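Input: a single structure, listed below in structure tokens.
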There are 2 protein chains.
Amino acid sequence: MNDLSPTSTVGDSVYESGLDKRRANFMPLTPLSFLPRAAHILPDKPAVVHGPLRYTYAQFYERCRRQASALKKHGIRAGDTVSIMAPNIPAMLESFYGTPMAGAVLNALNIRLDAAGIAFCLNHGGAKLLFTDTEFYPVIEKALPLVDHDIIVIDIDDPVATGDRKRLGKIEYEAFLAEGDPDEDWRLPEDEWEAINLLYTSGTTGDPKGVVYHHRGAYLNSFGNALFFGLNQDSRYLWTLPMFHCSGWCFTWAVTAQLGTHVCLRKVDPALIFPLIAEHRVTHMCGAPIVLNALVHAPDDIKPKLDYWVKIATGGAAPPSIVIERMEAMGFEVTHLYGSTEVYGPAVGCVVKDEWQGLPVTERAGYMARQGVQFACLEGLMVANPETLEPVTRDGKTIGEVMMRGNIVMKGYLKNPAATERTLSGGWYHSGDLAVCHPDGYIEIKDRSKDIIISGGENISSLEVEETLYKHPSIMECAVVAWPDQKWGEVPCAFVTLNPSAPDVTEDEIIAWSKENMARYKVPKKVVFGPLPKTSTGKIQKFVLRSQAKDDAR
Amino acid sequence: MNDLSPTSTVGDSVYESGLDKRRANFMPLTPLSFLPRAAHILPDKPAVVHGPLRYTYAQFYERCRRQASALKKHGIRAGDTVSIMAPNIPAMLESFYGTPMAGAVLNALNIRLDAAGIAFCLNHGGAKLLFTDTEFYPVIEKALPLVDHDIIVIDIDDPVATGDRKRLGKIEYEAFLAEGDPDEDWRLPEDEWEAINLLYTSGTTGDPKGVVYHHRGAYLNSFGNALFFGLNQDSRYLWTLPMFHCSGWCFTWAVTAQLGTHVCLRKVDPALIFPLIAEHRVTHMCGAPIVLNALVHAPDDIKPKLDYWVKIATGGAAPPSIVIERMEAMGFEVTHLYGSTEVYGPAVGCVVKDEWQGLPVTERAGYMARQGVQFACLEGLMVANPETLEPVTRDGKTIGEVMMRGNIVMKGYLKNPAATERTLSGGWYHSGDLAVCHPDGYIEIKDRSKDIIISGGENISSLEVEETLYKHPSIMECAVVAWPDQKWGEVPCAFVTLNPSAPDVTEDEIIAWSKENMARYKVPKKVVFGPLPKTSTGKIQKFVLRSQAKDDAR
């Protein structure tokens, strides 16, 4: 399994004699170390804001130590799995510290999963304990009977929650914390390669895979994100990105490393987001394009007048130029990032070049739509032939697979050596995303392998067709998938959600408009109107649409 | 030697099975990786500015690859030492990449050393090759005959140099580079624990000690400094801090990691510095207090009117309030850092708290004079009893030794196991600096162990007396050392440089003023006027003054 076997060429050097690692100069890298440091430096600073609640860094650290201690009192040991089903609330954030402080591995569950999906994760991960927000009782109540082993259930009864709630466990989170020792002498990892998090990928087909994060990568990508997104002591980070999504792109730790403030959020709703931005003078936030879309299309009367720039990072799909333009008009500076669960969230970002700054937004958006270049903490990025591992020509046309390597690549998939081997083979992480490399070295995703449409032998990038459709003033959201066709094999089919405030259009009008705006063979032969199915992280579920297209075409 | 021997408690966990390190997810951390990345992303951006010279990132990277290749052609092998004697010019910066790209260890020499000192370093480090700026021929010409082994000498004939010059080697640096392959397939370290730099500490007594840096620490403190000092893509970093000083506090690599621009400088001279700041809109610079002093006392007509804030980091001694005040008036925002050669430069910084912002500068300076708190990449910092390793009470009074631990502590001292053992014993790096810990956890250096004055059984911090003397309007610089005294054992003696633009004062006047401004037993009994002896890094050489005081007192 291990393909690292260097033969040292410096073994006899004077630099290798009497200069071994020792406790003074070598300690495991872990993002857990950021919290005691922050609590030491700024104990009274607001670390976590949630509705009317405020936790200072001293309190935040104390609560995490209590969690670690209470977990141990409930029998959790190093190497055990602890799951959590919660939105972006303090208990969730605390678990990213408290659980690994007990030596356990935190498994943050996707809150959009159904009972079977939740049960699969709890069983596969062997969760010994589950923290669960009482608002999620309908799904958890159904999932628990499906769990094949003993599991301790701790309810989180968030005072900020407003929906229907029900307790399923025997202890509430605050009572659980109260059992814990605030001075817990918590455990640093013995090795930075130890697991810190387990995250199940939503996976479009088959069972979800459990991505295992190591402390080393979590530490490094916390720095990577802080450096790329420009966090500092004055940063106030609004939690619009789910923490269960790639550990919140490591911002769960990065904000703490830079002594910023976490602003919690139960629900991605513009009616909640805009007032929080204004109240806390939020400086940074992240989210899938759906979040930006929601902000752009929110009623004008809830949009605050911002007298400063809010930085917003997005990923998962390129932000269309119209979204960039409208976000900028509202006072948001958009950053485009790219990554995946397997690389701790974003590992690639679109570094904006000076020469783009003066360009019209449509042209600038073309550059910014590209996923870009590797973070300083990612050692390798290429678009390559997945068979030969030869990088493709930098022509912006030749399609290959995105490959990454380095210290922010996962340990592997839990209890799935075959998938681990396949995905990390040849010394590279195979992302499954298809892309081109432009002459300037920036990569641009063209599609997921399975999202490419092959029509009359020509590859059609569904993303490219979508990017064009987004320019239509009446289209708010769209997704293009293959429609089975007797003559061409496949043809593009567009699923479209119309902008409620724009004039209605017909299928024929969209097809006619497309003929004027893209190559003939790329024009959708079919347009279906309605809301689009999405994952909890806002990604459009193309596999649902693809299967719908197949059924409809019959 | 190795005191790391953990017994894994997670060895049988599912998280340790089939999830080993492999080439896709584990690579040695090294700051060398920052350069190819920068050259890939922004090949045409100015990376290095030097007088009329401009090197883009593509050119900078090519020159470093050429250096690595040429070194190998001249017989340099992995684990060899390459020394350089140069000011902050492109060849110097290139060596921080090119030399380790050949697997060799860069030994940047202190340009203020005399021939015997240089020869000691070349002999002790076993340098196989020396790059030397032709302006330093007087000292190098004398040093070379003292070298006890064969050494290749490459002259750097910097076109920006203006002084008397002479070539000592057979090849000039540019011709040497021309021999190298611009596409050199350079060597990544096989292990991040490999040595990257060798730096001799100036050492106040005895032979200099050779501090060995590893790639891991250099990488991490590059991030540490970039995060603490707020570097980004728009940073233009002026090289007022010698690169031979702790590898330029790792800014040699940090600026590249953040895609900024390096602005070179042959000599710390306000007449050069101010025009460069204005021309390049410099954003960041570092320097010993002497540099700030020089800027403050420069003639007003060479000071530009800055319409933005320049960030300047200083360390080695606390910036006096008057210096902070005057620097701010000129448009500089002062950051106070602390560290030592053994911890890759700054590892501790004075994080400014929000509540200090509104305070009058004299009060604020009191807080900012404190060395502060650990960087995010330093795992441990304490002020402790050096015998028991017990942290001192946080009372701002009890003196202990500053101790640090973590991944930015050196490998150890080259060929000096006794000193390594002593300095890194008990799991901590013993800095030799004496400090207190304030109730808020910020540390404040009171003295080097040997700089404490013991008068009638009372410890007097020479730094504290100096800090008070700096408030005297006529005093530009001062240093306080022990003066042997029959009655008290030792009494404070002040060596003082007067401000040329302020009214003259006499010894009696300073003593009288001191009596009104400090405790009686701390008042200097003797005042000596004149320039102060300094190390190349601007630190006042107290050992010289101490020996002078001893001689004078006889």
Self-check item: Flag for residue A:184 being in contact with a helix residue (DSSP H, G or I) (Cβ under 6 Å, 6 or more places away or on another chain), loosely packed, with under 15 Cβ neighbours inside 10 Å, among the charged types (D, E, K, R) and more than 14 Å from chain B (Cβ to nearest Cβ)
Solution: no
Exercise. Determine, yes or no, whether residue B:507 is out of contact with any strand residue (DSSP E or B) (no Cβ under 9 Å at 6 or more places or on another chain) and more than 28 Å from residue B:315 (Cβ to Cβ).
Key: no
Practice problem: Test each condition in (1) within 12 Å of residue B:435 (Cα to Cα); (2) at pLDDT 95 or above; (3) of a type in the set (Lys, Arg) for residue B:397 and report the one that comes out false. | Solution: (2)
Exercise. Hey, could you check region A:301-318 for residues that are within 24 Å of the chain's Cα centre (by Cα) and more than 16 Å from residue A:443 (Cβ to Cβ) and say which is surrounded by the most Cβ atoms within 10 Å (Cβ to Cβ)?
Key: A:314
Quiz item: What's the number of the condition residue A:429 fails, among (1) modelled with pLDDT under 95; (2) buried (at least 19 other Cβ atoms within 10 Å of the Cβ); (3) of a type in the set (Ser, Thr, Tyr)?
Solution: (1)
Self-check item: Residue identified as facing chain B (nearest Cβ under 10 Å), aromatic (Phe, Trp, Tyr) and not in a loop (DSSP other than H, G, I, E, B) among A:26, A:34
Solution: A:34
Quiz item: Of all residues in region B:386-401, which are farther than 22 Å from residue A:39 by Cβ and under 26 Å from the mean Cα position of the chain (by Cα)?
Solution: B:386, B:399, B:401
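To keep it simple, each residue is scored yes or no on (1) free of Cβ contacts under 8 Å to residues at least 12 places away in the same chain; (2) on the phi > 0 side of the Ramachandran plot; (3) more than 11 Å from chain B (Cβ to nearest Cβ).
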{"position": "A:14", "(1), (2), (3)": "yes, no, no"}
{"position": "A:21", "(1), (2), (3)": "yes, no, no"}
{"position": "A:40", "(1), (2), (3)": "yes, no, no"}
{"position": "A:44", "(1), (2), (3)": "no, no, no"}
{"position": "A:73", "(1), (2), (3)": "no, no, yes"}
{"position": "A:82", "(1), (2), (3)": "no, no, yes"}
{"position": "A:86", "(1), (2), (3)": "no, no, yes"}
{"position": "A:98", "(1), (2), (3)": "no, no, yes"}
{"position": "A:102", "(1), (2), (3)": "no, no, yes"}
Quiz item: Since residue B:516 meets every condition but one in (1) surrounded by 14 or more Cβ atoms within 10 Å (Cβ to Cβ); (2) out of contact with any Cys (no Cβ under 7 Å at 6 or more places or on another chain); (3) assigned to a helix (DSSP H, G or I), which condition does it not meet?
Solution: (1)
Practice problem: Read through the list (1) over 22 Å from the mean Cα position of the chain (by Cα); (2) away from every other protein chain (no Cβ under 14 Å), then give the number of the only condition that residue A:446 fails. | Solution: (1)
Quiz item: What do you reckon, is residue A:280 surrounded by 15 or more Cβ atoms within 10 Å (Cβ to Cβ) and either in contact with an Asp or Glu (Cβ under 6 Å, 6 or more places away or on another chain) or over 29 Å from residue A:343 (Cα atoms) (or both)?
Solution: yes
Practice problem: Being of a type outside the set (Lys, Arg), at pLDDT 95 or above and not in a strand (DSSP E or B) narrows it down to one of A:342, A:325, A:333, so name that one. | Solution: A:342
Exercise. Identify all residues within region B:227-250 that are under 16 Å from the mean Cα position of the chain (by Cα), part of a helix (DSSP H, G or I) and within 14 Å of chain A (Cβ to nearest Cβ); write none if there are none.
Key: B:228, B:229
Quiz item: Among the candidates B:194, B:174, B:190, B:141, which residue alone is under 24 Å from residue B:379 (Cα atoms) and of a type in the set (D, E, K, R)?
Solution: B:194
Quiz item: Is there any pair linking a residue in region A:216-243 that is of a type in the set (Ser, Thr, Tyr) to one that is assigned to a loop (DSSP other than H, G, I, E, B), with Cβ under 7 Å and at least six apart or on different chains, and which?
Solution: A:219/A:29; A:219/A:30; A:222/A:250; A:235/A:258; A:235/A:260; A:235/A:283; A:237/A:260; A:240/A:268
Self-check item: Residue selected from region A:356-403 under the condition charged (D, E, K, R) and over 17 Å from residue A:334 (Cα atoms), by the criterion surrounded by the most Cβ atoms within 10 Å (Cβ to Cβ)
Solution: A:379
Quiz item: Only one residue in B:58, B:116 is over 20 Å from residue B:245 (Cβ atoms), of a type outside the set (Val, Ile, Thr) and modelled with pLDDT under 95. Which one?
Solution: B:116
Quiz item: Just checking, which of B:235, B:247 is small (Gly, Ala, Ser) and at positive phi?
Solution: B:247
Quiz item: Can you find even one residue in region B:427-436 that is in contact with a strand residue (DSSP E or B) (Cβ under 9 Å, 6 or more places away or on another chain), closer than 26 Å to residue B:225 by Cα and in a loop (DSSP other than H, G, I, E, B)?
Solution: yes
Practice problem: Mind counting the residues in region B:299-322 that are part of a loop (DSSP other than H, G, I, E, B), in contact with a strand residue (DSSP E or B) (Cβ under 6 Å, 6 or more places away or on another chain) and either basic (Lys, Arg) or closer than 23 Å to residue B:539 by Cβ (or both)? | Solution: 2
Quiz prompt | Any helices (runs of 4 or more DSSP H) falling wholly within region B:110-210 and containing at least 3 residues that are touching a strand residue (DSSP E or B) at 6+ places or on another chain (Cβ under 7 Å) and not polar (S, T, N, Q) | solution = B:115-125
Quiz item: Looking at B:462, B:474, which one is surrounded by 15 or more Cβ atoms within 10 Å (Cβ to Cβ) and closer than 25 Å to residue B:398 by Cβ?
Solution: B:462
Practice problem: Please verify whether region A:523-539 includes one or more residues that are touching a residue at least 12 places away in the same chain (Cβ under 8 Å) and touching a Gly at 6+ places or on another chain (Cβ under 6 Å). | Solution: yes
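The values are calculated or read from the model by the stated rules, or taken from the named source; none is laboratory data. Owing to the predicted nature of the structure, the values given are computational and were not obtained by experimental measurement. Every residue, glycine as well, gets a Cβ built from its backbone with ideal geometry; the counts of neighbours run over all protein chains shown.
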